[in-house]
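A short write-up of the structure that comes next.
The values are calculated or read from the model by the stated rules, or taken from the named source; none is laboratory data. None of the values given here were measured: they were computed from a predicted structure. In this analysis, Cβ positions are derived from the backbone assuming ideal geometry, glycine residues included, and neighbour counts consider all displayed protein chains.
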Amino acid sequence: AQSVAQPEDQVNVAEGNPLTVKCTYSVSGNPYLFWYVQYPNRGLQFLLKYITGDNLVKGSYGFEAEFNKSQTSFHLKKPSALVSDSALYFCAVRVTYNFNKFYFGSGTKLNVKP
Amino acid sequence: GAVVSQHPSRVICKSGTSVKIECRSLDFQATTMFWYRQFPKKSLMLMATSNEGSKATYEQGVEKDKFLINHASLTLSTLTVTSAHPEDSSFYICSARVPLAGAYEQYFGPGTRLTVT
């Protein structure tokens, strides 16, 4: 079965510090992995994806993620956090069969303190 | 590009009534759309896959007679919550994928907050 785990309900960082939001996955075949961000009462915004190629993927707003096949992880990172990065972050895996459905992790709330 | 809209953004209805939520792809045609439900501080639960011109595919545990999905055109899918109950109160989000080679990500609508009183 396909699944995504985000082990941290909440991550707190100070503005200007690096941030990491963790994600691990379990999927049959090659993983298609994604990060989305959600602001209060809003839909999800696409940040970045890993399909193939370089393990380090760069996305929107200065975020990047590192695909690690041996650890089945896809952690989201940013070198210097901003207060405006405070939001709910979701990791997702795309199932390549059956209409290409997405399955989401439980979400991690990122709090960036000034 | 790749904008998905939802209407209404918020709706309050009385218990026992039905409410329809629309999901539109504004600048692309979507043969497949997805409906999710999100509880407070929880992840998105995939409810069903909406296919243009055919019946929706529901996830296990989702009542197809309660959550009616119609994908009548390549740009519109609707979710109707029938005989709504307070426990149906939730945030409903739709998404679609741009049908282009190499376009893997889904684009999400802004969501609809349903409150059943």
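Checking each residue in the stretch B:1-31 for being closer than 19 Å to A:GLN45 by Cα and hydroxyl-bearing (Ser, Thr, Tyr) picks out B:SER5, B:SER9, B:SER25.
Filtering the stretch A:41-84 to residues that are under 14 Å from the mean Cα position of the chain (by Cα), part of a loop (DSSP other than H, G, I, E, B) and of a type in the set (A, V, I, L, M, F, W, C) leaves A:ILE51, A:PHE63.
Please tell me if A:THR108 is among the polar types (S, T, N, Q) and closer than 25 Å to B:GLY111 by Cβ. Yes; evaluated as a whole, the condition is true for this residue. Within the stretch A:66-114, if we keep just the residues that are facing chain B (nearest Cβ under 8 Å) and among the basic types (Lys, Arg), the residue that is farthest from A:ALA5 (Cα to Cα) turns out to be A:LYS101. Quick check on the stretch B:17-34. Is at least one of its residues at pLDDT 95 or above, out of contact with any strand residue (DSSP E or B) (no Cβ under 7 Å at 6 or more places or on another chain) and assigned to a loop (DSSP other than H, G, I, E, B)? Among the residues of the stretch B:17-34, at least one is at pLDDT 95 or above, out of contact with any strand residue (DSSP E or B) (no Cβ under 7 Å at 6 or more places or on another chain) and assigned to a loop (DSSP other than H, G, I, E, B), which makes the answer yes. Within the stretch B:67-100, the set of residues being among the small types (Gly, Ala, Ser) and within 19 Å of A:LYS101 (Cβ to Cβ) comprises B:SER77, B:SER95, B:ALA96. Selection of the stretch A:24-40 for residues being within 12 Å of another protein chain (Cβ to nearest Cβ) and assigned to a strand (DSSP E or B) yields A:TYR32, A:LEU33, A:PHE34, A:TRP35, A:TYR36, A:VAL37, A:GLN38. If you go through the stretch B:43-87 and keep only what is touching a residue at least 60 places away in the same chain (Cβ under 8 Å), assigned to a loop (DSSP other than H, G, I, E, B) and either within 14 Å of chain A (Cβ to nearest Cβ) or of a type outside the set (S, T, N, Q) (or both), you end up with B:ALA84, B:HIS85.
Condition (residue is under 15 Å from A:TYR103 (Cβ atoms), modelled with pLDDT of 95 or more and surrounded by 12 or more Cβ atoms within 10 Å (Cβ to Cβ)) applied to the stretch A:39-46: is it met by at least one residue? So far as the stretch A:39-46 goes, no, none of its residues is under 15 Å from A:TYR103 (Cβ atoms), modelled with pLDDT of 95 or more and surrounded by 12 or more Cβ atoms within 10 Å (Cβ to Cβ).
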